[in-house]
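A.B. asks: The structure follows.
The values are calculated or read from the model by the stated rules, or taken from the named source; none is laboratory data. Nothing here was measured: the structure is a model prediction, and the numbers come from that model. Note: ideal-geometry Cβ built from the backbone for every residue, glycine included; neighbour counts use all protein chains shown.
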Amino acid sequence: MDFKELLEKRRSIRNFEDTPVGVELVMEMLKETTLAPTASNAQPCNFIIVMDRAVIKRISDDSKANLLKEFAVNPHDRLRMYVDVLKDEAFNVFYNAPCLVLVIGDKGVATLDFDTALTVAYLMFAATSRGLGTCWINLGASVRDPDLLRELGVPDECRIVAPIILGYPKEVPMASARHDARVLKVIPGK
Ligand SMILES: Cc1cc2nc3c(=O)[nH]c(=O)nc-3n(C[C@H](O)[C@H](O)[C@H](O)COP(=O)(O)O)c2cc1C
């Protein structure tokens, strides 16, 4: 797969085959993510791999409940448009994926969000190159239940930045519409 094809085939996948993803394969891809650039080469990302669908569902349920509580306090929350879907008990924010990778990092790292985004991009490309699909699920990041966080092994000083679902796609959708790159100005060299 050349680079252009990799870019085109990397889609957000929300419909997975039942086929499990081997933990060794996930480890192999996570090793590739360590090549991602991070500020000061701090490499702040840690990973929790969840293959148990019952645990994945509990993470979904806790995150949904917490988001709904937050909307009640802050009606202008930018995720408020998802309120109806979050109220749907049957909706699993992780789309019943066979594998969930939680990318977590120390709350004190100022560049954690940027570093994580690049690390996740590497994970997405590592997965796509192997015929796997991924999707970043921000709706699944609002886990607060202390018992669940402890069970997941999230240290107190860390926060969940990126929940990434992984699995073999039932199908890879066409790229959704993109506008042209908005280049506001080109200042030519002299
Ligand atoms: C930071 C981030 C958070 C996202 N959160 C969600 C989410 O909670 N649920 C979901 O279904 N998709 C989520 N997505 C996927 C986007 O909807 C998707 O990337 C976008 O529609 C473009 O489609 P594509 O990834 O197939 O190119 C998220 C993507 C990013 C980068």
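A.B. asks: Can we say Lys170 is away from the ligand (no atom under 16 Å from the Cβ), at pLDDT 95 or above and exposed (fewer than 13 other Cβ atoms within 10 Å of the Cβ)?
C.D. replies: Criteria not met by Lys170.
A.B. asks: Here's a follow-up. Can you tell me which residues in the range 33-60 are assigned to a loop (DSSP other than H, G, I, E, B) and within 16 Å of the ligand (Cβ to nearest atom)?
C.D. replies: Result: Ala36, Cys45.
A.B. asks: Let me ask you something else. For the range 1-27, enumerate the residues that are part of a helix (DSSP H, G or I), surrounded by 13 or more Cβ atoms within 10 Å (Cβ to Cβ) and among the β-branched types (Val, Ile, Thr).
C.D. replies: Val26
A.B. asks: Ok, one more. Only one of (1) of a type outside the set (Lys, Arg); (2) surrounded by 12 or more Cβ atoms within 10 Å (Cβ to Cβ); (3) at negative phi fails for Tyr95. Which number is that?
C.D. replies: Tyr95 satisfies every listed condition except (3).
A.B. asks: Does Leu30 fit the bill of being within 16 Å of the ligand (Cβ to nearest atom), of a type in the set (A, V, I, L, M) and in a helix (DSSP H, G or I)?
C.D. replies: no
A.B. asks: Mind checking whether some residue in the range 91-105 is closer than 30 Å to Asn41 by Cα and without any contact (Cβ under 8 Å) to a residue 12 or more places away in the chain?
C.D. replies: No, the range 91-105 contains no residue that is closer than 30 Å to Asn41 by Cα and without any contact (Cβ under 8 Å) to a residue 12 or more places away in the chain.
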